[in-house]
């Protein structure tokens, strides 16, 4: 199961009624944060997810509205008593910027490991999940994220029982390990059902819709994507500032055959994003306007599926 | 006239119901900011004072809860269209820290001038006001601020008229310039009343009450002072963390013969500062618990006084 919490939905600057765009993910109790602008720790305090279990921070890019909250967050994690390392992933340049920001957060009770990653890199996440990134197109180096939680093949217990495999070997077979019984080698795959789709989420912000993005995001259950401009008449601004309109985000979701789309990262000039929702739903019906505190839980379908 | 706006009243971290402690001052239309923790720009947007007229930023010290909002604020000032320089004053170490924070605010439409100041320094502010600082006692180098707006001596128009001084010379005499009339030198002081008290404000936070502080703050009209702990039983924490209790802040206000005291910089553990107000008012009756959005205007008494 993966739980998601949208902390904020704003671009450019935090506002009295709109926190900066940021996504929190919980995988088997451990937290993964995507972006951390000024003030991100404040809505986080409201929703009760706590700071101690943050093991991973993923940055899309190094603009202030996506990273200025890092020193405060690091203090919050330290104050929550975390002692285990925290790994922070970001595009090239991340080490320099985060070390600079740490001038005001020099002493922490945990180790901060900073990893610069780039196009095509895959990295491990809690619970056997995996992250991967590709480059987007923005004014600075920018990463689009995909998180995959693979699902094992179903163990065909009936067939194993029928074949007389003692139950003490089932666990190993289920995990995909071959076993030897009375000198006879049993390949794990013999009692595993067909491949099953896992869970997957895309986090895409502050980029133009680059050509390889739909393929990278193919089949994600949920795409959390920027929609800086609601009005399609602002397309030229989206091109100029290297962002997306609602219609472009919806087109991306459709092309990627995503399950659902959450829009976020609204321009301060977009007072009421709901007014423009129709520009997205006309292209991709299962679009929702994000809001601070919006939650969802993605779970594998029941084991019989 | 000096207008004051308390933007926040929290210490250590911004909270959903309490912004970090920060004071905004308006002198003849120009703004002076005291401290800038994470999120300071957010309440600022609420109260309509605008960002373009910020010419001066004064930092008490370099802990994150007093400076982490600087990159976001610099962006807000730039977005408001300011082109005139902004001067930022702070204790030794400020250049290094603010330059590090500017890694995420590298391009601004104005020049940021960073001035490290220390014990005894005086500096010019808008409208003929003057700032001065002394060292406090905290874990890092810390400055206590005093702002003085001097008041000119009253021009004795009746006496000037009686002495036959033509009105065209009055303005110069009023400004303290000697004039010559028909070869006769008229000293400015001849038609000026006695010295008059100006306006003055103290801004003191994150320090123990050091011995020279009452003298430095002598007679301020308003002291904006930290009261991290309301309960006097937390005195040992105040000593340990180098802060003040409400009672200590009130004692400082009384010793300095201040006109009024605003308490701010409450510990996150102090849920309801009003519960402890009596600990201050018992010592210094004109104490108020600060809140975000609290405003005051200090003006010279009418010219007849």
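For an R0 of 51 angstrom, estimate the FRET efficiency from the Cβ-Cβ distance between residue B:170 and residue A:218 and round to the nearest 0.05. Show your work: numbers first, answer last.
On the way: r = 83 Å, r/R0 = 1.63.
Calculated transfer efficiency: 0.05.
How big is chain B in terms of Cα radius of gyration and Dmax, in angstroms?
Gyration radius and largest Cα-Cα distance of chain B: 21.3, 73 Å.
Modelled label-to-label distance, residue A:47 and residue B:291, 7 Å Cα→beta-carbon offset: nm?
Rounded to a tenth, the inter-label distance reads 2.9 nm.
Using a label point 7 Å beyond Cα on the Cα-Cβ vector, give me the inter-copy distances for residue A:159 in nanometres, one decimal, shortest first.
Nearest to farthest, the other copies are at 11.1 nm.
Across peptide A:61-70, how many C-beta atoms of other chains are within 10 Å of each residue C-beta, on average?
Numbers: counts 0, 2, 3, 10, 4, 1, 3, 11, 5, 2.
If you average over the peptide's residues, the count of other-chain Cβ atoms is 4.
Can you compute the helix-only [θ] at 222 nm over chain B? Use -39500 (n - 2.57) per DSSP H run of at least 4 residues, normalise by all residues, nearest 500 deg cm²/dmol. Walk me through the numbers on the way to the answer.
On the way: 10 runs with 66 residues, N = 305.
My calculation for chain B gives -5000 deg cm²/dmol from helical runs alone.
Under a GNM of chain A (C-alpha, springs under 10 Å), which listed residue has the highest mean-square fluctuation: A:94, A:177, A:286?
In this elastic network of chain A, the residue with the biggest mean-square fluctuation among A:94, A:177, A:286 is A:177.
Shortest first and in nm with one decimal, please list how far the residue A:180 label point sits from its counterparts in the other copies (point 7 Å along Cα→Cβ).
Computed spacing set for this position: 11.8 nm.
Take peptide B:36-47, look around each residue's Cβ out to 10 angstrom, count Cβ atoms belonging to other protein chains, and average those counts.
On the way: counts 0, 2, 14, 10, 2, 6, 10, 1, 1, 6, 3, 1.
Mean inter-chain Cβ contacts per residue within 10 Å come to 5.
Calculated FRET efficiency, residue B:275 and residue A:1, Cβ-Cβ r, R0 35 Å, to nearest 0.05? Working shown, then result.
Working: r = 42 Å, r/R0 = 1.21.
That gives a FRET efficiency of 0.25.
Across the protein assembly as shown, how large is the tail of the calculated P(r) beyond 39 Å, expressed as a percent of all Cα pairs?
On the way: 78659 of 185745 pairs.
I get 42 percent for the Cα pairs in the protein assembly as shown exceeding 39 Å.
Over the whole of A:11-20, what's the average partner chain Cβ count within 10 Å per residue? Rounded to a whole number, please.
Working: counts 0, 3, 8, 8, 4, 7, 3, 1, 2, 1.
Taking all residues of A:11-20 together, the mean is 4.
So in the protein assembly as shown, what percent of DSSP beta bridges are antiparallel if you round to the nearest 5? Don't jump to the answer; show the numbers that get you there.
Working: 72 of 126 bridges.
Bridges in the protein assembly as shown that DSSP calls antiparallel: roughly 55 percent.
From the square roots a ≥ b ≥ c of the eigenvalues of the alpha-carbon gyration tensor of region A:170-305, which class results: rounded (a/c under 1.5), prolate (a/b over b/c), or oblate?
Prolate.
Which residue fluctuates the most in chain A, going by a Gaussian network model with Cα springs under 10 Å, if the choices are A:42, A:201, A:289?
Taking springs between Cα atoms under 10 Å, the residue moving most is A:42.
Kindly put B:86, A:224 in sequence by how many other C-beta atoms sit within 10 Å of each C-beta, fewest to most.
Values: B:86 21, A:224 27.
Fewest-to-most Cβ neighbours within 10 Å comes out as B:86, A:224.
Compute the distance from the alpha-carbon center of region A:208-277 to that of region B:211-236, in whole Å.
52 Å
Of all DSSP beta bridges in chain A, what percent run antiparallel (nearest 5)?
Details: 36 of 63 bridges.
Bridges in chain A that DSSP calls antiparallel: roughly 55 percent.
Could you let me know the centre-to-centre spacing of region A:59-130 and region B:175-199, using Cα atoms, in angstrom?
The two parts, judged by their Cα centres, are 64 Å apart.
Quick check: convex hull over the Cα atoms of region B:154-193, volume per residue in Å³, rounded to an integer? Don't jump to the answer; show the numbers that get you there.
On the way: hull volume 2.2 nm³, N = 40.
Looking at region B:154-193, the number lands at 55 Å³ per residue.
Measuring from a point 7 Å out along Cα→Cβ, what nm distances, shortest first, does residue A:231 have to its partners in the other copies?
Nearest first, the other copies' label points are 5.5 nm away.
Each value in this text was obtained by applying a stated rule to the coordinates, not by laboratory testing. If you're wondering where the values come from, they're calculated on a predicted model, not measured in any experiment. Glycine gets a Cβ as well: all are built from the backbone with ideal geometry, and neighbour counts include every protein chain shown.
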